[in-house]
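Notes to accompany the following structure.
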Amino acid sequence: MQQTKVLFFLLITFWGIVQCQPSKKIVSQAATNYLEHCGHCHGRNLEHLKEKGDKWIFGKTYEAIFKVTKEGAQEMGMPAWSAVLSDEEIKNLTNYILKTIEK
């Protein structure tokens with residue numbers, strides 16, 4: 001009985017980890033969206049974002065990047081992408097940016 005509980009726990013834990021990993025399709029679409037909508041200003045390989053280090057005007061957190069991507073910063077020439085991208089696409093794009101700048 002104890003082995004069954006342990007096995008069940010491990011199975012549920014593994015399933016949760018697998019579900020948290022974005023699929024290759026999602027990552028690929030996020031990369032495409034970045035290149036199409038962001039790369040011309042922020043660098044095709046995120047180089048302008050990477051150069052900033054921790055000196056991001058609106059913050060380098062998930063929440064800050066999601067918000068500025070969705071709502072824009074008109075005073076700085078950054079358009080709001082909510083008319084073009086869904087919240088799910090902006091979420092995936094935000095995660096792509098954060099993962100890529102960590103490399």
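Quick notes on this one:
- Which listed residue is in contact with a Phe, Trp or Tyr (Cβ under 9 Å, 6 or more places away or on another chain) and of a type in the set (A, V, I, L, M, F, W, C), from Ile101, Ile90, Ile57: Ile90
- Residues that are among the charged types (D, E, K, R) and either in a helix (DSSP H, G or I) or at pLDDT below 90 (or both), drawn from the range 37-47: Glu47
- Residues satisfying the stated conditions in the range 91-103, i.e. of a type outside the set (Lys, Arg) and over 19 Å from His48 (Cα atoms): Asn92
- Counted residues, the range 48-73 - those being surrounded by 12 or more Cβ atoms within 10 Å (Cβ to Cβ), assigned to a helix (DSSP H, G or I) and more than 14 Å from the chain's Cα centre (by Cα): 3
- Single residue of the range 74-103 satisfying the filter (among the hydroxyl-bearing types (Ser, Thr, Tyr) and surrounded by fewer than 17 Cβ atoms within 10 Å (Cβ to Cβ)) that is nearest to the chain's Cα centre (by Cα): Thr100
The values are calculated or read from the model by the stated rules, or taken from the named source; none is laboratory data. Nothing here was measured: the structure is a model prediction, and the numbers come from that model. Because the Cβ atoms are built from the backbone with ideal geometry, glycine has one as well, and the counts that use them run over all protein chains shown.
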